[in-house]
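Since every read-out is calculated from the coordinates, none of them should be taken as a lab result. Model, not experiment: these values are computed from the prediction. When we count neighbours, we look across all protein chains shown, and the Cβ atoms used for this are built from the backbone with ideal geometry, even at glycine.
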Amino acid sequence: MWGPEGLDEVEAELLGPPEDLKGKDVLEIGAGAAQCSRWLAVQGARPIALDLSHRQLQHALRIGGTFPLVCADAGALPFADASFDLACSAYGALPFVADPVLVLREVRRVLRPGGRFVFSVTHPIRWAFPDEPGPEGLSVSSSYFDRTPYVEQYIENGVGRAVYVEHHRTVGDRVREVVAAGFRLVDLVEPEWPAWNSSEWGGWSPLRGNLIPGTAIFVCVRD
Ligand SMILES: C[S@@+](CC[C@H](N)C(=O)[O-])C[C@H]1O[C@@H](n2cnc3c(N)ncnc32)[C@H](O)[C@@H]1O
């Protein structure tokens, strides 16, 4: 699943036709509980699910799967050059790092020539709107161009410690970062909210989804 709209890889085929996934080495970045890797394994691919969070990987382990789980930072991938045919990331790592080019360069390094990296992030336009599913989420409340990160802190004895950080990039920033890392951008998919999806989750809802995009999916090739 590429995002809350519900666009899945069976429909999108952004990694290629499902029958071509068989036998492919695939790296999932920011895998969380490794849902994507689990699906890839069923297609006959050889996924490795990577996440910074040990806790998330414990969930992946509990749910199960026969593929490796790797606890590491996407900015310092513990793999040799040209180890993978494909890489994917559904909202993993890239929105949460201050230096996305570092991550993109690392992913490019571990891909084989011709390999593809597909990643989804919150659509940058959402930054300008309140993260609310109702009508209040439809009015611009801050600048699209303000790159100040969103930070949640845990305060102990008057000292704050960042526990959640999200970094905003404009669409142009993301395109430039992909190019700076040496990838060729072959598509930028903005899934439309489908009629069957009536769920509300966080700031995602049919109301907003029908009016403004919520997810941006970048399809990048390592030539
Ligand atoms: C929004 S979750 C997405 C999880 C999963 N891909 C999904 O579709 O449900 C983002 C994940 O990225 C991971 N993450 C954040 N920064 C990372 C980093 N620098 N390296 C690797 N993983 C990271 C988080 O631990 C978290 O599991």
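Taking a label point 7 Å from the Cα of D20 along the Cα→Cβ vector, which residues of the stretch 79-102 have an amide N closer than 16 Å to it?
85-88
Any idea which of Y150, A49, P191 is furthest toward the positive side of the dipole for the chain, if Lys and Arg beta-carbons carry +1 and Asp and Glu beta-carbons -1?
A49
For the stretch 1-92, what number results from the quotient of the Cα radius of gyration and 2.2 N^0.38 Å?
Cα Rg divided by the expected 2.2 N^0.38 Å: 1.01.
Where does the stretch 46-90 land on Rg(C-alpha)/(2.2 N^0.38 Å)?
Ratio of Rg to 2.2 N^0.38 Å for the stretch 46-90: 1.17.
According to a simple spin-label model (label point 7 Å from Cα along Cα-to-Cβ), what is the distance in nm between W201 and D99?
So the label points at D99 and W201 sit 3.2 nm apart.
Once you put a point 7 Å from the Cα of I155 and another 7 Å from the Cα of S143, both along the Cβ direction, what distance in nm separates them?
Going from the I155 label point to the S143 one covers 2.6 nm.
Place a label point 7 angstrom from the Cα of S53 along the Cα-to-Cβ direction, then list the residues of the stretch 185-202 whose backbone nitrogen is under 17 Å away.
Correct set: 202.
Would you calculate a helix-derived [θ] at 222 nm for the chain, using -39,500 (n - 2.57) for each DSSP H run of n ≥ 4 and dividing by the full residue count, to the nearest 500?
Value at 222 nm, helices only: -5500 deg cm²/dmol.
Report the Rg/Rh value for the stretch 57-144, based on alpha-carbon coordinates and the Kirkwood definition of Rh.
1.09
In Å and whole numbers, how far do the C-alpha atoms of the chain stretch along each principal axis, longest first?
Principal-axis extents of the chain (Cα, largest first): 48, 47, 38 Å.
At a threshold of 8 angstrom on Cα-Cα distance, excluding pairs fewer than six apart, so keeping six or more, what relative contact order does the chain reach in percent?
Answer for the chain is 21 percent.
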